């Protein structure tokens, strides 16, 4: 169970990401498919929060909304004290670039770019000096154990290496929030544990906040809080065993 001390710690942390009555519907012909239904959640500063749910529960949809990759049908999202619905598309893109790092289940690296070029891309988009950003990207990859893979393209990397490149890409702009969608879902157990450990350590070291979704309760056990998402509804804390 979550201890009283853990609850007191969470209560004193500032909120960096908040969803209020978040719903998402998809229109298929004349039929409305509700995927998320009035979801409420808060992610606090320096917190690791897991959302557990089966396939089809709406986990990826929720992350895409929280990561400003999609827009809700109803409800509000706040990044810090900024109400996202009041922002135009350019402001949303800038906020996403500066404040949010995204780690996908499939690494989604650009195949024509090398490892360091994939990592460097968000920094260039954010207006970083190219020489500085390249050195920063290479330094990050070295830190994550990829010194000998800087110039390799995605098809020359193992799945674990590719996911570490994706993690470096998420960290390049030093975001306050990291969102991860089944970050170990495509990896074998040993590689998944390694990637999970690296992700946890990098988040703690940088004093960022991590929200990740998974279908695996074992993977979620390292989180400070665990919520459960079923049929579009987000329920309360899942007890830690």
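Bear in mind these aren't lab numbers, they're just calculated from the coordinates by the rules spelled out. Not measured: the values here are computed from a predicted model. Backbone-built Cβ (ideal geometry, glycine too); neighbour counts: all protein chains shown.
Some points to look at:
- Gain upon complete extension [residue 93, residue 15; 0.36 nm per residue less C-alpha separation]: 26.0 nm
- Site pair residue 217 and residue 30 shows an inter-label distance of 4.3 nm when each label is modelled 7 Å from Cα along Cα→Cβ.
- Listed residues 112, 224, 161, most fluctuating in the chain (Gaussian network, C-alpha, under 10 Å): 112
- Global geometry of the stretch 21-123, whether rounded, prolate or oblate, following the gyration tensor of its Cα atoms and the 1.5 cut on a/c: prolate
- Judged by the gyration tensor of its Cα atoms, with axes a ≥ b ≥ c, the stretch 69-197 is oblate; a/c meets the 1.5 cut and b/c is at least as large as a/b.
- Residues 139, 133 in ascending order of nearby Cβ atoms (within 10 Å, fewest first): 139, 133.
- Linear extension gain, residue 143 paired with residue 108, 0.36 nm per residue minus alpha-carbon span: 10.5 nm
- Counting every other Cβ atom within 10 Å of each residue's Cβ, 78, 26 order from fewest to most as 26, 78.
- Length added when fully stretched, residue 231-residue 156, from 0.36 nm per residue minus Cα-Cα: 23.1 nm
- Viscosity 1.567 mPa s, temperature 4 °C, Stokes-Einstein D of the chain from Kirkwood C-alpha radius, µm²/s: 70 µm²/s
- Peptides 143-154, 83-94 ordered by average Cβ neighbours within 10 Å, highest first: 143-154, 83-94
- Ranked list, fewest to most other Cβ atoms within 10 Å of each Cβ, for 55, 114: 55, 114
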